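Below is one structure; the comments refer to it alone.
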Amino acid sequence: MIEVVLLIIVLMLTSCSSDTTPVAGAGHAAPLAIGFDASADDAPTRAANAIGASGALASAGGFGVFACNTGLHRYGDVSVSSNFMYNQQVASTDAGLSWRYEPVKYWPNGEDDGSGATARHRVSFFAYAPYSDLSGASAASYCISAFHLQHEQTNPWLTYRLHPDVAQQVDLLYALPQTDRQRPDVATPVALTFRHALSCVGDKVTVDLTDALRTHYHDMVTGTRTQVAVRLTAVSITYTLTERGRLVLWTADGDPNWQTISSGNATTERTVSLTDGLPHTLYSYNGSAEGGTAWQAEGHGVYYLPIEVEGHPQTAAITVGYDVVTTIAGETSAESRTTSGVLTLSAVSEGYQAGKNLNIDINIFSEE
């Protein structure tokens with residue numbers, strides 16, 4: 001009797017195993033495995049750890065897939081759950097030339113549509129990158145911190161939060177939905193096209209003087225004052241950004257479908273101090289020749305969500321330090337000065353457009 005019970009348990013476990021190769025029976029087509037192909041927008045330099053083409057997608061750990069089998073119904077006609085795939089990792093070992101996952105899933109064959117003919121089931125696919133196992137052990141699994149539950153009837157979604165360390169910030173991509181796909185006649189991969197879900201600010205920062213201020217310093221050189229120079233010494237930006245949000249992987253128009261989360265902290269701060277090539281002479285005049293150039297730093301971009309919680313705007317508070325160096329009667333002295341300003345990201349025309357870079361141009365325009 002004990003042996004019979006054990007045998008039943010083993011058979012039940014085997015029959016539930018998702019990696020069992022299906023067997024073609026009478027009236028059913030031979031099993032056809034579901035494969036994937038992936039491509040990513042080759043975005044310009046945005047920030048550290050940016051994911052560009054598919055090779056970078058592969059090196060970032062691949063992507064996660066959710067899939068819904070809605071039977072004979074279209075995706076938009078029924079309530080759905082991720083009943084076919086749930087955060088299935090799809091990875092590549094050849095820089096994105098091929099993609100693999102396990103256990104392999106097979107296209108459903110379909111069922112009688114009531115007329116005696118076999119109608120093929122519809123499967124809808126949604127994906128994001130980089131892959132997260134929600135463990136928090138990696139930067140990706142920290143930033144991509146939650147999903148809908150597998151049994152929930154909802155569009156697939158994920159929660160994304162900014163990493164506290166800018167050096168470990170994580171890019172986020174989503175695939176254009178592939179809805180109502182049916183079993184092809186021949187093996188054809190499901191082609192996933194990934195787009196960027198985040199925006200970036202401060203990848204390029206420029207500091208210069210206005211022409212009016214250059215004229216002001218030029219006119220200071222007279223009498224015993226034989227030279228004036230403006231030397232940039234410090235640039236710091238403190239970003240106040242939306243801490244986290246929900247990205248729904250279904251989208252009607254192809255744009256990322258972001259939703260705000262009102263619980264917890266609405267915003268978080270990140271401070272970036274720029275030291276590239278500092279100190280730097282922005283302007284100099286010695287009575288006969290002018291010199292100096294605008295200062296620029298690149299590669300210090302910060303990712304942010306292109307949404308804000310009501311009443312909590314996203315901003316960049318900029319502080320610039322500089323010295324005014326003068327030579328009077330042969331004696332040179334430097335006076336340190338500081339100026340500041342605040343940029344509201346939503347005030348920029350493309351400030352909340354995913355995939356865009358906001359460069360920051362700073363002009364010192366008046367004498368304090």
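Just so it is clear, none of the values below were taken in a lab; they were calculated from the coordinates. Worth saying up front: this structure is predicted, and the values here are computed from it rather than measured. For neighbour counting, all protein chains shown are included, and Cβ atoms are generated from backbone atoms with ideal geometry for every residue, glycine included.
Take 109-117, 203-211 and order them by the average number of nearby Cβ atoms within 10 Å per residue, most first; the result is 203-211, 109-117. 3J(HN,Hα) couplings calculated from phi for the stretch 225-233 with the Karplus curve 6.51 cos²θ - 1.76 cosθ + 1.60 (θ = phi - 60°) are, in sequence order, 7, 9, 7, 9, 9, 10, 10, 6, 10 Hz; Gly and Pro show x. Amide H to amide H distances under 5 Å link T179 with F125, where only residues 5 or more positions off or on other chains count and H is placed in the peptide plane.
Per-residue ellipticity at 222 nm, computed for the chain from helices alone with -39500 (n - 2.57) per DSSP H run of at least four residues, works out to -3000 deg cm²/dmol.
Compared with the alpha-carbon gap, the fully stretched path from H216 to T319 is longer by 34.9 nm at 0.36 nm per residue. Simple rule: put +1 on each Lys or Arg Cβ and -1 on each Asp or Glu Cβ in the chain, find the dipole, and look at S92, T159, A347; the Cα lying farthest toward the positive end is S92. Simple point charges give the picture: +1 on the Cβ of Lys and Arg, -1 on the Cβ of Asp and Glu, and for the stretch 140-251 a dipole about the Cα centre of about 80 debye.
Karplus-derived 3J(HN,Hα) values for the stretch 137-152, using 6.51 cos²θ - 1.76 cosθ + 1.60 with θ = phi - 60°, are 7, 10, 4, 5, 6, 6, 6, 8, 10, 6, 10, 4, 7, 4, 8, 5 Hz; glycine and proline are entered as x. What the Cβ-Cβ distance of Q182 and S262 gives, at R0 = 35 Å and to the nearest 0.05, is a FRET efficiency of 0.35. Modelled spin-label separation between Q89 and E298, with each label point placed 7 Å from Cα along the Cα-to-Cβ direction: 3.5 nm.
Largest GNM mean-square fluctuation among I318, I328, I144, using the chain with Cα springs under 10 Å: I328.
Defining a contact as two alpha carbons under 8 Å apart and six or more residues distant in sequence, what relative contact order in percent does the chain show?
It comes to 18 percent, rounded to a whole number.
Which net charge results for the neighbourhood of E243, defined as the other residues with beta-carbon distances under 15 angstrom from its beta-carbon, given Lys and Arg at +1 and Asp and Glu at -1?
0
Each other residue within a Cβ distance under 14 Å of S124 adds +1 if Lys or Arg and -1 if Asp or Glu, for a net charge of +4. Estimated from the Cβ-Cβ distance and a Förster radius of 45 angstrom, the FRET efficiency linking H312 and S288 is about 0.25.
With 0.36 nm allotted per residue and the present C-alpha distance subtracted, the A119-V348 stretch has 77.4 nm of extension available. Across the stretch 102-109, computed HN-Hα scalar couplings (Karplus, 6.51 cos²θ - 1.76 cosθ + 1.60, θ = phi - 60°) run 8, x, 5, 9, 10, 4, x, 7 Hz from first to last residue, x flagging Gly and Pro. Each part reduced to its alpha carbon centroid, the stretch 246-278 and the stretch 320-368 end up 25 Å apart. Identify which of the listed values of Cα extents along the principal axes in Å was calculated from the structure shown: (i) 66, 55, 53; (ii) 100, 58, 44; (iii) 108, 43, 39. From the options (i) 66, 55, 53; (ii) 100, 58, 44; (iii) 108, 43, 39, the structure gives (iii). Residues whose amide H falls under 5 Å from that of L192, counting only those 5 or more places apart or on a different chain, are D37, A38, S39, with hydrogens built in the peptide plane.
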